[in-house]
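Written out below as structure tokens is the structure these notes cover.
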Amino acid sequence: MTSPSSVLETKPVETKPASPSESQPTRRLMSLDALRGFDMFWIIGADSLVEALHKMSGNSVTGALAYQLEHSDWAGMRFYDLIFPLFVFMAGVSLVFSLTKMIERDGRSKALKRVFIRGVLLFLFGIFNNGGFSYAWPEFRVMGVLQRIALAYFFAGLLFCFFKPRALAGICAGILLGYWALMAFVPIRDIQLEQTNLLHLAQQSGDTAAANVFADSGSGRNQLRAASRNLFDSTTNYVTGKYGKGFNVSNHFDYQYLPGRLYDAFWDPEGLLSTFPAIATCLLGVFAGFLLRNTTVEDKRKAIYLLFLGAVAAGLGWFWGLEFPVIKKIWTSSYVLVAGGYSAMLLGTFYLIVDVWKFQSWCQPFVWMGMNSITIYVTGNILGGNFNRLGQRLVGGSIRDFINHHIAQGFGEMLISIVGLTLAFVFVRFLYQRKIFLRL
């Protein structure tokens, strides 16, 4: 696999020229590799580059950029909230090319075997990336970023193998509407699973032991979860149509049924129910893949369609968000449309520039990174989160302080980011030149 989004693809995605002639050779869809690498660029440390720039200048422009490179606390959408669904979207684009060729060459059973093996391997690799089984049960986390990509790819791949485009569109719409209905109409206990609120409730009920756990900033996730159990079970009033943090069907479902350590103590942003709309995100990528693979549509027109349809999807998502808010951490249906729309517009832009206009030299470093995204992602986690940790070891500490004091405040942090990103690009270039790609 070259990246999470392509789900274990080791060959560059290819597409045929606009002419329907079957005798023409296939050509590489470089824009998808470049977009994947561009996406990963922000994960491995480019956000800290912007933060350092803002620290140096402190003007409204850099402040606005830095604001976009932080996740929304709950409802809303910033650029950084697009990074994850963009990978899921690109997984759908990639599977159209890989599975179509496999079905035509080897039959559907071979394609199904490929989907199953790669989905399972990527899920297990995600568990390993979260620390694997180095923690005693129930201290290790079952779900996570790679696990969600694996599940979205797995189910979208199965659907792709059995259903035609029109049926897939109906299934996608059904998932989005069904998830909205589930979140809007299924009753939940009238209790918000949030630490401050639970502390207040424990104090009101006289549960001193639980209140002490919630008041202690050092309490572990499973300890917090255990302390909340009595408060949750004793709540007898039920409500519907709630979408708050820790106060919605998806979060309550995770609290009751998702085993292991939950990322946010009481629920998980990559939880069980919210995986279903993530499958719809992958299916949106499948529809984009259908368009890009269509040899009867002119290449430039494909880009225009992606831009136009992406804008329509995003607009519909924001409109739906007036009733069903755009929230990444529970992957609401409105969020699927907004993120999918933006993803399609980004893909259309990259496709137009890279594959239609042939402006390709600028994006080569992103291609290196895009073709080894899993490697760079996991390597960054091993280093402690991203490549900035490596930069800190080389030019941090007293070197950073000296530069901040004698050159400009914030320039030391910028140098750390530049060094970290440079080393990341050197690493993926080394792998690319030697044709080393992670295979699972």
Worksheet item: What is the order of Glu270, Glu104, fewest Cβ neighbours within 10 Å to most?
Response: Glu104, Glu270
Practice prompt. About the Cα centre of the chain, how large is the charge dipole given +1 on each Lys and Arg Cβ and -1 on each Asp and Glu Cβ? Please answer in debye to the nearest 20.
Written response: 1600
Practice prompt. Would you work out the relative contact order for the chain, in percent, from Cα pairs under 8 angstrom that are 6 or more residues apart?
Written response: 27
Response to the item:
Taking Lys and Arg as +1 and Asp and Glu as -1, residues besides Lys300 with C-beta under 15 Å from its C-beta add up to 0
Worksheet item: Exactly which trypsin sites (Lys or Arg not before Pro) in segment 320-373 are in a DSSP loop and have at most 10 other Cβ atoms within 10 Å?
Response: Lys358
Discussion item. Among Trp74, Ser274, Leu53, which residue has its Cα furthest toward the positive end of the charge dipole of the chain, with +1 on Lys/Arg Cβ and -1 on Asp/Glu Cβ?
Written reply: Ser274
Worksheet item: What's the exposure ranking of Trp357, Trp320, going from fewest to most Cβ atoms within 10 Å?
Response: Trp357, Trp320
Worksheet, complete the sentence: Exposure-ranked with fewest Cβ neighbours within 10 Å first, Phe359, Phe89 stand as Phe359, Phe89
Discussion item. Can you find, among Thr196, Thr240, Gly218, the residue sitting farthest towards the positive end of the charge dipole of segment 188-257, where Lys and Arg contribute +1 and Asp and Glu -1 at Cβ?
Written reply: Thr240
Worksheet item: Of [x] 144; [y] 191; [z] 167, which is the value of volume of the Cα convex hull per residue in Å³ derived from the coordinates here?
Response: [z]
Response to the item:
Comparing Ser98, Ser333, Ser361 in a Gaussian network model of the chain (Cα, 10 Å), the one with the largest mean-square fluctuation is Ser361
Practice prompt. Report, in whole Å, the centroid distance computed from the Cα atoms of segment 161-209 and segment 356-379.
Written response: 37
Response to the item:
Expected max-MSF residue from Arg105, Arg78, Arg36 in the GNM of the chain (alpha carbon, under 10 Å) is Arg105
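We did not get these values from a lab; they are worked out from the coordinates using the rules stated. Quantities reported herein were computed from a predicted structural model and do not represent experimental measurements. Every residue, glycine as well, gets a Cβ built from its backbone with ideal geometry; the counts of neighbours run over all protein chains shown.
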